[in-house]
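The values are calculated or read from the model by the stated rules, or taken from the named source; none is laboratory data. Given the structure is predicted, the values throughout are model-derived calculations rather than measurements. When we count neighbours, we look across all protein chains shown, and the Cβ atoms used for this are built from the backbone with ideal geometry, even at glycine. For accessibility, only protein heavy atoms count, side chains too; no ligands or nucleic acids. Shrake-Rupley method; radii C 1.70, N 1.55, O 1.52, S 1.80 Å.
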Amino acid sequence: MLSGKTILVGVTGGIAAYKICELIRNFKKNGANVKVVCTPNALNFVTKLTLQNLSQNEVYIQEFDVKEWKPEHISLADEADVMVIAPATANTISKIANGYADNLLTSIACAYNKKMIIAPAMNCNMWNNQVIKENLSKLKSRGIEILEPESGFLACGYLGKGRLCSLDKIYNSVVEALSFSEILKDKKVIITSGGTIEDIDPVRYISNYSSGKMGFAIANAAKSMGADVVLITTKDFEAPYKIIKVKSAIEMQNALNDEFESTDIVIMAAAVADYRIKNYSENKMKKSSDDTLTLEFIKNPDILKELCEKKSNQIIVGFCAESENLLENAKEKISKKGCDFLVANDISRNDIGFASDDNEVTILSGSGECKKFSKASKATIARQILEYINE
Ligand code: PMT
């Protein structure tokens, strides 16, 4: 599966370093060429010989141990198809976030401009430290994938978040990263995500359970496929592409209209409120003596339908969230909205749909075809959707 690919594994000085031996073995078993770079401190936890035997390659540690005309931090960065740093200590994370290049690993990270995955592992108090949070945000905003640690019993004796995520998760992220081809190069793709928020008064609002994760995964996948991405979202995300933060359906529509003409693909994964409050109250509504309260709503514009009506060459993909009769409702919706594709989501299940990390969808096309994508991470589903609409 990984044959022909070079994976650069960075190992730093944390107790979880011993776990990486198994990951390297797995990469090798599946055909990858594995190059390991250690910080000097990593060797306090795992030996060079072990890493060398498992990777069947030289293990790189020292920056000035130059054997070829090209310095190693450049040649290793050039050679790699993907770089994964696991475990990544607070120290290495902070150095990379701030551009330090004081050992071979941080120098490579500085010279590296392809897909990088970082799996932090540290004490829970370090993980919660504001400086570390800010440094992780910086990395995320540059497109580096952070595989968050898990909660549990930590090697330092604490109970909390900081344990290296599962090796399967790291392995799958690497496979995912290597499976992208630049099929969206030179294409502009707009994605919407999150549930719109419709204010009732300065204190209350109506919204829905959309976390924005599905749309964010599509935006990330589109970026990895070379697209010029614009994410219009009601949620807070950090990413290396344009993000327009909006609140209500009307704001989302305005943002879409501003970007629409120059776009090639629009993907509406946002859960847009069909109605908004008719008489927004400028001041906080007071509790009355009545036992019931009636609010009046008016229809929001159907953004998707209006875009489909005015489109020229754009491909427009709608989403639908259904709690019953998934395909029946989806078929009706695609013909009503007039979009090229509609991705049907079953929101009656807890393990997929709203807020979960996984999804399972069926994509319908305007010409009547249907294709089901079995349960997988939202990242995988995102890639499958983009590949399908681009076929
Ligand atoms: O965000 P997550 O937690 O990851 O969850 C993902 C998701 C389940 C929200 C997502 O996958 C999904 O299904 N999004 C569509 C939700 C939705 O609003 O479905 P709908 O059937 O109500 O709307 C159909 C389509 O019309 C959608 O593309 C919607 O963006 C669009 N619409 C809806 C109403 C409206 N007034 N204007 C619109 O453009």
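In whole Å, what is the distance between the alpha-carbon centres of the stretch 284-298 and the stretch 240-270?
33
Quick one: order Glu145, Glu296 from most to least accessible surface, probe 1.4 Å.
Numbers: Glu145 55, Glu296 105 Å².
Most to least solvent-accessible, the answer reads Glu296, Glu145.
Please work out the average accessible area per residue across the chain, using the 1.4 Å probe convention, and give it in Å².
Values: 19030 Å² over 391 residues.
Heavy-atom accessible area per residue stands at 49 Å².
Let's see if you can work this out: charge +1 on each Lys and Arg Cβ, -1 on each Asp and Glu Cβ, no other charges. What is the dipole magnitude of the stretch 30-114 about its Cα centre, in debye to the nearest 20? List each step's numbers first, then the result.
Details: 6 positive and 9 negative charges, 37 e Å.
Using only the charged Cβ atoms, the result is roughly 180 debye.
What distance in nm separates the two pseudo spin-label positions at Asn41 and Glu324, each 7 Å out from Cα along the beta-carbon direction?
Once both label points are built, they end up 5.8 nm from each other.
Quickly estimate the mean residue ellipticity at 222 nm for the chain, helices only: each DSSP H run with n ≥ 4 gives -39500 (n - 2.57), and the total goes over all residues, rounded to 500. All intermediate terms of the calculation are to be shown ahead of the outcome.
On the way: 13 runs with 126 residues, N = 391.
Value at 222 nm, helices only, nearest 500: -9500 deg cm²/dmol.
Is there a pair in Lys28/Lys378; Lys133/Lys188; Lys223/Lys333; Lys140/Lys245 whose C-alpha atoms are over 19 Å apart, and which pairs would that be?
Numbers: Lys28/Lys378 27 Å; Lys133/Lys188 31 Å; Lys223/Lys333 28 Å; Lys140/Lys245 17 Å.
Pairs exceeding the cut-off: Lys28/Lys378; Lys133/Lys188; Lys223/Lys333.
For the chain, set up a Gaussian network in which alpha carbons nearer than 10 Å are linked by springs, and say which option among Ile265, Ile218, Ile298 fluctuates the most.
Checking each option, the largest mean-square fluctuation is seen for Ile298.
For the stretch 38-130, what % of the accessible area comes from carbon and sulfur atoms, probe 1.4 Å?
Numbers: 2140 of 4330 Å².
Using a 1.4 Å probe with all protein chains present, the stretch 38-130 comes out at 49 percent carbon and sulfur.
Compute the Cα gyration tensor for the chain, then decide on rounded, prolate or oblate, letting a ≥ b ≥ c be the square roots of its eigenvalues: rounded whenever a/c is under 1.5, prolate when a/b is larger than b/c in the other cases, and oblate in all that remain. Could the numbers behind the result be given before it?
On the way: a/c = 2.31, a/b = 1.74, b/c = 1.32.
Prolate.
Heavy atoms only, probe 1.4 Å: what % of the accessible area of the stretch 200-251 goes to carbon and sulfur, would you let me know?
52
Run the accessible area of the stretch 258-391 with a 1.4 Å probe and give the carbon-and-sulfur part as a rounded percent.
Details: 3290 of 7720 Å².
Using a 1.4 Å probe with all protein chains present, the stretch 258-391 comes out at 43 percent carbon and sulfur.
Report the full-extension gain for the segment Glu238 to Ser374: residue separation times 0.36 nm, less the Cα-Cα distance, to one decimal in nm.
Working: separation 136, 0.36 × 136 = 48.96 nm, distance 2.81 nm.
Gain in length upon complete extension: 46.1 nm.
Please return the longest stretch of the chain lacking exposed loop sites, where trypsin sites (Lys or Arg not before Pro) count only if DSSP places them in a loop and at most 11 other Cβ atoms lie within 10 Å. Provide the component values of the computation, followed by the final result.
Numbers: sites that count: Lys67, Lys185, Lys278, Lys284, Lys286, Lys287.
Counting only loop sites that pass the neighbour cut-off, the longest clear stretch is 68-184.
At a Förster radius of 35 Å, what calculated FRET efficiency corresponds to the Cβ-Cβ distance of Asn279 and Ser335, to the nearest 0.05? Numbers along the way, then the final one.
On the way: r = 34 Å, r/R0 = 0.98.
Here the calculated transfer efficiency is 0.55.
Please give the Cα centre distance for the stretch 36-64 versus the stretch 316-344, rounded to the nearest Å.
Result: 52 Å between the Cα centres.
Between Leu295, Leu154, Leu167, which gets the highest mean-square fluctuation from a Gaussian network model of the chain, Cα cutoff 10 Å?
Result for the chain, Cα springs under 10 Å: Leu295 fluctuates most.
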